[in-house]
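*Asks:* Handing you this structure, nothing more for now.
The values are calculated or read from the model by the stated rules, or taken from the named source; none is laboratory data. The model shown is predicted, which means the values in this text are computed figures rather than measured ones. Cβ placement follows ideal geometry from the backbone for every residue including glycine, while neighbour counts extend to all protein chains displayed. Protein only, heavy atoms only, side chains kept; ligands, DNA and RNA dropped before computing areas. Shrake-Rupley method; radii C 1.70, N 1.55, O 1.52, S 1.80 Å.
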Amino acid sequence: MMNLNNLIRKNVKAMKPYSSARDEFKDLKADMVFLDANENPFETTLNRYPDPQQTALKELISKQKELPINQVLLGNGSDEVLDLIVRAFCEPNQDSILTLLPTYGMYSVLAQLNSIENIEVSLSKDFNINVDQVLKQVKPSTKLLFICSPNNPSGNIMDVNAVTRLLKAFDGLVVIDEAYIDFGGESATQLIDEYDNLLVVQTLSKSRALAGLRVGFAMGSKTLIEALGRVKNSFNSYPLDIVAQRAALASIDDEDYFRNSCERVINTRKTLCSSMKALGFDVLPSGANFILASHPQYSARKLFSGLRDQGILVRYFDKPRIDNHLRITIGTDEDNEALLIALRALLGND
Ligand SMILES: *Cc1c(COP(=O)(O)O)cnc(C)c1O
């Protein structure tokens, strides 16, 4: 096993994390008299500071994911969690990360923001991981390897064998961004016990329909989660606001709504794929709540602006390999009907 402590930035390891008034009390009971935090005593349901440990929410996630509570870290959206990961483990102007293109743009932004080199390796023709090529590009300075599965923007689920090969062979942390995992594929959380260099990142933004709430989380070995907590808690001594904690609890508790809404998205994805194929589009197999499509006869850029002129926004990327593709989010039946009508008009098929 590798020494995980060597992966943590020296100053993060050495620092004394900030501690809030409430951090000092572990067993708060509702009937206590709270005169310690300069709160306003009059009840507004939000007059008290939130639980700095987010115990109730972490307990629920830990129960659902079958992991101890100290292997879960919460953040304001998974974008923040990804930023914490870079800041806890990568020394600016010294360390590097490795990303697999095309992928989620935030990894490159975080590398630039934190002055970390980003080694970019292309995914294969079918957007899977070429393990040998990845291992060849790894440098001694490479601390993190970002894998997005299902991958944004291609939508495919990464091969589990490739992921485990990397977990075994790579001498740093493997971060698997599972923002879309509930729409397809198997979560890598089950590998956490076996590989202590694995961090799995998930979010309530997509499958839980709570993008506006800003709640994401990381799961991994105790040492890694503790390091992330040092960075997180020092900037926000109350890492998640009270509304976010309450709403996230309610959402994760509502298994029926969750299953039903995922199922609806997956069914609609199937329908939309067939309708798009019937219009002559090539559509990549998707395990996410979006599809990546291209048309052999029509430029994606033109289709993109044509749709926009009709009030329909899809995503167009002016990037190698995907610059003739459109990434289309699965909407309601009505949204998709509007999309198909607009596309038929643009293709002259109406
Ligand atoms: C949408 C998305 C996120 C961001 O999620 P938030 O939790 O809303 O910050 C992270 N990773 C990927 C790959 C995404 O597509």
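*Asks:* Condition first: assigned to a helix (DSSP H, G or I) and within 12 Å of the ligand (Cβ to nearest atom). Now tell me which residues in the stretch 63-83 satisfy that. Walk me through how you get there before you give the answer.
*Replies:* If we filter the stretch 63-83 for residues that are assigned to a helix (DSSP H, G or I), which is where we start, we get 63-65, 69-71, 77-83.
Correct list: 77, 78, 79, 80, 81, 82, 83.
*Asks:* Answer with yes or no whether residue 33 is of a type outside the set (Phe, Trp, Tyr) and closer than 25 Å to residue 75 by Cβ.
*Replies:* no
*Asks:* Return the residue satisfying two criteria in turn: it lies in the stretch 208-225 and is assigned to a helix (DSSP H, G or I) and open to solvent by less than 20 Å² (accessible area, probe 1.4 Å), and of such residues it is nearest to residue 23 (Cα to Cα).
*Replies:* So the residue we want is 225.
*Asks:* Of the conditions (1) of a type outside the set (A, V, I, L, M); (2) over 18 Å from residue 68 (Cα atoms); (3) within 16 Å of the ligand (Cβ to nearest atom), residue 216 clears all except one; give me its number.
*Replies:* The failed condition is (2).
*Asks:* Which condition does residue 171 not pass, out of (1) away from the ligand (no atom under 16 Å from the Cβ); (2) at pLDDT 95 or above; (3) surrounded by fewer than 23 Cβ atoms within 10 Å (Cβ to Cβ); (4) over 20 Å from residue 69 (Cβ atoms), if it passes all the others?
*Replies:* Exception for residue 171: condition (2).
*Asks:* Within the stretch 296-330, how many residues turn out to be under 12 Å from residue 342 (Cβ atoms) and either touching a Gly at 6+ places or on another chain (Cβ under 6 Å) or in a loop (DSSP other than H, G, I, E, B) (or both)?
*Replies:* Looking only at that region, the number is 5.
*Asks:* Oh, and also: List every residue pair whose Cβ atoms lie under 9 Å apart, where the two residues are 6 or more positions apart in sequence or sit on different chains, the first residue falls within the stretch 286-309 and is farther than 30 Å from residue 186 by Cα, and the second residue, located anywhere, is open to solvent by 30 Å² or more (accessible area, probe 1.4 Å) and among the basic types (Lys, Arg).
*Replies:* Final answer for the pair search is 304/315.
*Asks:* Name the pairs: first residue in the stretch 53-68 and among the small types (Gly, Ala, Ser), second residue loosely packed, with under 13 Cβ neighbours inside 10 Å, Cβ to Cβ under 8 Å, at least 6 apart or on different chains?
*Replies:* Close Cβ pairs satisfying both conditions: 62/68.
*Asks:* Restricting to the stretch 149-168, count the residues that are within 10 Å of the ligand (Cβ to nearest atom), touching a helix residue (DSSP H, G or I) at 6+ places or on another chain (Cβ under 8 Å) and either of a type in the set (Gly, Ala, Ser) or over 9 Å from residue 288 (Cα atoms) (or both).
*Replies:* The total comes to 1.
*Asks:* While we're looking at this one, here's another question. Can you name the residue in the stretch 226-243 that is surrounded by 22 or more Cβ atoms within 10 Å (Cβ to Cβ) and at pLDDT 95 or above and, of all such residues, is nearest to the ligand (Cβ to nearest atom)?
*Replies:* 228
*Asks:* Right, next: Note down all Cβ pairs under 7 Å where the first residue falls in the stretch 37-51 and is open to solvent by 80 Å² or more (accessible area, probe 1.4 Å), the second is outside any loop (DSSP other than H, G, I, E, B), and they're at least six residues apart or on different chains.
*Replies:* 46/242; 49/22
*Asks:* Of all residues in the stretch 184-204, which are touching a residue at least 24 places away in the same chain (Cβ under 8 Å), assigned to a loop (DSSP other than H, G, I, E, B) and within 16 Å of the ligand (Cβ to nearest atom)?
*Replies:* Of everything in the stretch 184-204, those that are touching a residue at least 24 places away in the same chain (Cβ under 8 Å), assigned to a loop (DSSP other than H, G, I, E, B) and within 16 Å of the ligand (Cβ to nearest atom) turn out to be 184, 185, 204.
*Asks:* Kindly indicate whether any position in the stretch 176-183 is touching a residue at least 12 places away in the same chain (Cβ under 8 Å), under 22 Å from residue 95 (Cα atoms) and open to solvent by less than 40 Å² (accessible area, probe 1.4 Å).
*Replies:* Within the stretch 176-183, the subset touching a residue at least 12 places away in the same chain (Cβ under 8 Å) is 176-183.
So of that shortlist, the ones also under 22 Å from residue 95 (Cα atoms) come out as 176-177.
Subsequent filtering for residues that are open to solvent by less than 40 Å² (accessible area, probe 1.4 Å) retains 176-177.
Yes: the stretch 176-183 contains one or more residues that are touching a residue at least 12 places away in the same chain (Cβ under 8 Å), under 22 Å from residue 95 (Cα atoms) and open to solvent by less than 40 Å² (accessible area, probe 1.4 Å).
*Asks:* For the condition open to solvent by 80 Å² or more (accessible area, probe 1.4 Å), closer than 22 Å to residue 217 by Cα and of a type in the set (D, E, K, R), what is the one hit in 321, 264, 301, 259?
*Replies:* Numbers: 321 fails: closer than 22 Å to residue 217 by Cα; 264 fails: closer than 22 Å to residue 217 by Cα; 301 fails: closer than 22 Å to residue 217 by Cα.
It is 259.
*Asks:* Return the only residue of 128, 152 being surrounded by fewer than 21 Cβ atoms within 10 Å (Cβ to Cβ), modelled with pLDDT of 95 or more and under 26 Å from residue 322 (Cα atoms).
*Replies:* When all the criteria are applied, what remains is 128.
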